[in-house]
1. Find the relative contact order for the chain and round it to a whole percent, using C-alpha pairs within less than 8 Å whose residues are 6+ positions apart.
2. For K113, what accessible area in Å² do you get when you roll a 1.4 Å probe over the heavy atoms of the protein chains, rounding to the nearest 10?
3. Pop out the ³J(HN,Hα) list for segment 184-192 in order, Karplus 6.51 cos²θ - 1.76 cosθ + 1.60 with θ = phi - 60°, rounded to Hz; leave Gly and Pro as x.
4. With the cut-off at 27 Å, tell me which of the pairs K55/K160; K266/K311; K342/K372; K218/K268; K192/K259; K78/K113 have Cα atoms farther apart than that.
5. For S345, what accessible area in Å² do you get when you roll a 1.4 Å probe over the heavy atoms of the protein chains, rounding to the nearest 10?
6. What nm distance separates the two modelled labels at A359 and Q167, each placed 7 Å from Cα along Cα→Cβ?
7. Considering the dipole of the chain built from charges on the beta carbon (Lys and Arg +1, Asp and Glu -1) around the Cα centre, which of T260, I88, I120 is farthest to its positive end?
8. Dipole of segment 106-186, Cα-centred, from +1 at each Lys and Arg C-beta and -1 at each Asp and Glu C-beta, to the nearest 20 debye?
Amino acid sequence: MQDRRDFMKLMASGAMLAASSPFANSAFAAPAKKGDTAQTKNAPTISLNGNDMGKVLGLGGVPLAGAWIPTEPEDSLKTLQMAWDKGIRYFDTSPRYGFGVSERRMGAFLSSKNQEEFIISTKVGRLLKPTNLDTSKRGIWTGRYYAESIYDYTAAGTRKSIEDSLQRLGLAKLDIVFIHDLSPDNMEIADKFDFYYEQAAKGAIPELAKMKKEGLIKAWGFGINRPDAALRSLSISEPDICLMATQYSLLDHNEALEKTFPALEKSKVRVAVGSPLNCGYLAGNDRWNYSRNPAPAEMAAKREKIRAIAKKHKVDLRTAALQFSMAHPVVTSVLVGARSAKQISEDYQSLHGAKVPKAFWEELRQQNLIHKEAPIPG
């Protein structure tokens, strides 16, 4: 009987193993073609713990799965197509997003592409199992879902999760794998955080390191909304890149700037910033991060002050927010969620087609609205 390791090697053969070094000659190394955008022409390679992947915009898969409001399949495909047309080549998803829906939708698009022309990351920590449950709303997810998730940070669960993700995606490779939601602010496991951290320390962490050595994945780290697990792991492991969601935004960045990023940078761990708009709060909606509660009063007041200064300097607030999150030297990617072609096009324009005047940043600093040591776009 074929064991899991043999299965993984079979799935990983071909495109992924064609690269001779961790991320050399992969997604971004293809020569520019007529009609390519700036992001593709600048074609960074990804060699984590050495050189970084450059500064790239990535598309996150939360809204594609129907978070908060439904997203029709055709809209998700149009969003993915627009991202591709703009030159975006980094895509992030998870089994968690819509109980497999995000992976299936991304796979439906990406499986038709040359797998050496993009970077894909997904996550481990939950296994999905079929269920007859079919409701219009499950947590933040709105749609028709026929699976439920079970937490599992063991070694066997990690390999099984990656097998399942490859099948849902219809791909022969994974580039980056994040250990997902291993965080004390995850209310589903808050009272068992230490238990699951120890499970990951003995299971997922060494297993992902082993899979990297085997060539089955190219990099690994944590995908979390609080830094606890990532920082704690630095004494026992060598993650390559961590997806830090809601932790480094224009509104909320002091802890990351003073504590988290210096520790990660010292250990040569790169950062992908997730939810740089605080789940759309900096783009104008009233949703704060992933909470059902309104934004804290101090954040609401801070947003209004920054809005007023942005208006004075004729600056789009989303543009300022995305450029701010990308500016830190440890940050190698900013991941945005989008459910329409229009949204991802606007995000791309904010990073690549708009300039924010220096006077705007200076006034924010003078008003103590950004940290005095925060790097600003130059």
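The values are calculated or read from the model by the stated rules, or taken from the named source; none is laboratory data. Because the structure is a prediction, the values reported are computed rather than measured. Cβ atoms come from the backbone with ideal geometry, glycine included; neighbour counts cover every protein chain shown. Side chains included, ligands, DNA and RNA excluded: accessible areas come from the protein's heavy atoms. Shrake-Rupley method; radii C 1.70, N 1.55, O 1.52, S 1.80 Å.
1. Worked out over the chain, it gives 17 percent.
2. Probe radius 1.4 Å; accessible area of K113 about 50 Å².
3. 3J(HN,Hα) across segment 184-192, in whole Hz: x, 8, 7, 4, 5, 10, 3, 7, 10.
4. Flagged as over cut-off: K55/K160; K266/K311; K342/K372.
5. 30 Å²
6. About 6.1 nm separates the two model spin labels.
7. Of the options given, the answer is I88.
8. Computed about the Cα centre, the dipole is about 220 debye.
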